[in-house]
Amino acid sequence: MSYRRIATVTAVVAASAALVPALAFASDSSQPTPTARGASLSASALTGAFKTFTSSGSKSAYTRKSGAYAATAAAESLSITAEATSAYGFLLTADLTGGTAASASVDWGDSSTSPGTVSSTTEVTADHTYEQLGTYTATVTVTDSLGDTVVNTVTVTTAGSDYTAYGPTRVLDTRYGNGAPKAPVKARSVTQVTFAGNGGIPKDVTAVVLNVTVTEPTAAGDIVVYGDGTARPSTSNVNFVKGQTVPNQVIAPVGADGKVDFYNASTGTTDLIADVAGYFTYTPSSGYSALTPYRLVDTRYGTGEPKRPLAGKSSFAVQIAGNDGGKLPSSGITAVALNVTSTASQGAGFLTAYADGTNTPTASNVNFTAGQTIANSVITPVGSDGKIRIFNGSAKPTAVVVDVVGYYSAASVSAYVPIDPTRIVDTRQSYSPVYGPLPGGAYIYVSLGVANGSVTGFVLNTTVTETTSSGDLIVSPDSNTLAAYQNKTAVWPSHPSASTLNWTKGETVPNLAQASGGANGIVDFWNSSSGSIALVVDMFGLYQND
């Protein structure tokens, strides 16, 4: 493979002349085209994703074959640096001391070898893409101009991780003393949960999929979820106002000590609930395949289920395998990525998604109050029959909407690569590349500036606030290229009917979006309401297939 790396992220917004109702002009090529504003993502945001591994020069094995200089030649040494360049790939550089490099070879530790490129008299380079995730020992042999050889090794671990479905299982509930003391979380404090080695989760876990719920907060604020032992990021995962119950899915990195931190960034107390639905490790398991959002179920209109609300304390099955016009495979899906919405609920309660054919877990995915419309991202295991089940934990009926955004399977090769959490859009801030309220019916498009086509999806957290009317946010790939926007030849993109985030006037609501960038690496964020909103978008990771 050639040297590859994520390059930049550019955020741009449609010009004021083009901020018109989305549906009216979605396919009308006669309307003005958007113009671009942008900024670059700092390369430092990727430092946590693509690590560098080094050898010890003192461990070089030197073999002298040149008899003429056998008595006087100094021993040579070899130092190796291996830099991860993608989910599966590395760029290796070997520096020779005490000799002149003539040729080199690399045994990559996966039953494959390749010649090294002698880029100078003392430097050798080589690159490689592993077929599977994991830890490998690469051996470099350099032959000098006298025929002597020096050998050294470097141990590397791929940047990407594969997914394993789990539970869902409740691991934290401060209301009842589950996983933490029985007391609300104090303001500006951290609650820790151990995942590595807990409940069958492997000790080498790299990230966990959580549903984090805030309930009974005494002040507005947000929760930040991050790996223990790392710097707390300036991004947020769950945003809330006083008295609000808000769930959100989080893909959280696990610290080197196997723990995850939950920081209450508000000035008041709040109860916290966390359910784990899966985890990532370097062991080959299930990769990810992103899809354009597709509506599987809408009980308001009889889509996928009869046209009636889901009764209290009851459930229905959703066919996953083979659905979405065959875009979902007929077999082999281990978990599915969804957006699940409760609307027109007649009482407070919750929805739980789980594998069909298994017991209803003590966990929740969407928490709602009477009359509320609220969505949450969900990753749930798929039953052996290719179905999942949605359970209404309320005593009262509610309408349910289920949209699919992707799936996990052994046949999918895109691995998850976490990055240092980075805020890429905040329309409230003047320094943001997109500043000012996003009007109703308008959209923001974000070019994630991918240097190659191997990135298949992005893990983003979207938050709407300062909402002036009720509505929903649609996140979808853009059919335009960045060059088309820059050259003012872009056409108005279409978007699916599937929504990512729903709100009522005055609410602050977050939701995770596992977004496909389509063929061009551009993601659109549509304000599908009649009023303006403020939009915040944070990036936490990406899926890459090489």
Item to check | Failed criterion for residue 144 (all others in (1) in contact with a Lys or Arg (Cβ under 6 Å, 6 or more places away or on another chain); (2) surrounded by 21 or more Cβ atoms within 10 Å (Cβ to Cβ) hold) | outcome: (1)
Next on the checklist: Given the criterion modelled with pLDDT of 95 or more, among the acidic types (Asp, Glu) and in the same structural domain as residue 424 (by TED's automatic domain parsing), identify the matching residue among 466, 507.
Outcome noted: 466
Checklist entry - Say we look at segment 328-341 and pick out the residues that are in a loop (DSSP other than H, G, I, E, B) and surrounded by 14 or more Cβ atoms within 10 Å (Cβ to Cβ); which of these is nearest to the chain's Cα centre (by Cα)? => result 328
Checklist entry - Going through segment 116-138 one residue at a time, which ones are free of Cβ contacts under 8 Å to residues at least 60 places away in the same chain and under 31 Å from the mean Cα position of the chain (by Cα)? => result 126, 130, 131, 136, 137, 138
Item to check | Residue count for segment 267-282, restricted to those that are under 9 Å from residue 186 (Cα atoms) and among the hydroxyl-bearing types (Ser, Thr, Tyr) | outcome: 3
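Is it the case that residue 159 is in contact with a Gly (Cβ under 6 Å, 6 or more places away or on another chain) and touching a residue at least 12 places away in the same chain (Cβ under 8 Å)?
Values: in contact with a Gly (Cβ under 6 Å, 6 or more places away or on another chain): no; touching a residue at least 12 places away in the same chain (Cβ under 8 Å): yes.
Here the answer is no, as residue 159 does not meet what is asked.
Residue 299 - would you say it is surrounded by 23 or more Cβ atoms within 10 Å (Cβ to Cβ) and β-branched (Val, Ile, Thr)?
On the way: surrounded by 23 or more Cβ atoms within 10 Å (Cβ to Cβ): yes; β-branched (Val, Ile, Thr): yes.
For residue 299, the condition - surrounded by 23 or more Cβ atoms within 10 Å (Cβ to Cβ) and β-branched (Val, Ile, Thr) - is met.
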Checklist entry - Could you say whether any residue in segment 211-223 is within 19 Å of the chain's Cα centre (by Cα), aliphatic (A, V, I, L, M) and crowded, with 17+ Cβ neighbours inside 10 Å? => result yes
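Would you point out which residue out of 534, 519, 515 is within 24 Å of the chain's Cα centre (by Cα), in contact (Cβ under 8 Å) with a residue 60 or more places away in the chain and crowded, with 24+ Cβ neighbours inside 10 Å? Walk me through it before giving the result.
Numbers: 534 fails: crowded, with 24+ Cβ neighbours inside 10 Å; 519 fails: crowded, with 24+ Cβ neighbours inside 10 Å.
The conditions single out 515.
Which of the strands (runs of 3 or more DSSP E) found entirely inside segment 449-546 contain at least 1 residues meeting this: under 25 Å from residue 370 (Cβ atoms)? Steps first, please.
Working: elements: 455-465, 471-477, 501-503, 509-515, 522-529, 534-544.
Passing ranges, in order: 455-465, 471-477, 501-503, 509-515, 522-529.
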Checklist outcome for this item: Listed by first then second residue, the pairs whose first member lies in segment 282-310 and is within 27 Å of residue 254 (Cβ to Cβ), whose partner is of a type in the set (A, V, I, L, M, F, W, C) and surrounded by fewer than 20 Cβ atoms within 10 Å (Cβ to Cβ), with beta carbons under 9 Å and at least 6 positions apart or on separate chains, are 284/410; 285/410; 286/410; 286/411; 287/410; 287/411; 289/411
Checklist outcome for this item: residue 79 vs (1) modelled with pLDDT under 90; (2) surrounded by 14 or more Cβ atoms within 10 Å (Cβ to Cβ): all pass except (1)
Checklist entry - Since residue 124 meets every condition but one in (1) within 22 Å of residue 49 (Cβ to Cβ); (2) crowded, with 19+ Cβ neighbours inside 10 Å, which condition does it not meet? => result (1)
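The values are calculated or read from the model by the stated rules, or taken from the named source; none is laboratory data. Predicted model, so just to flag it, every value in this text is computed and none were measured. A quick note on method: Cβ atoms are made from the backbone with ideal geometry, for glycine too, and the neighbour counts reach across all protein chains shown.
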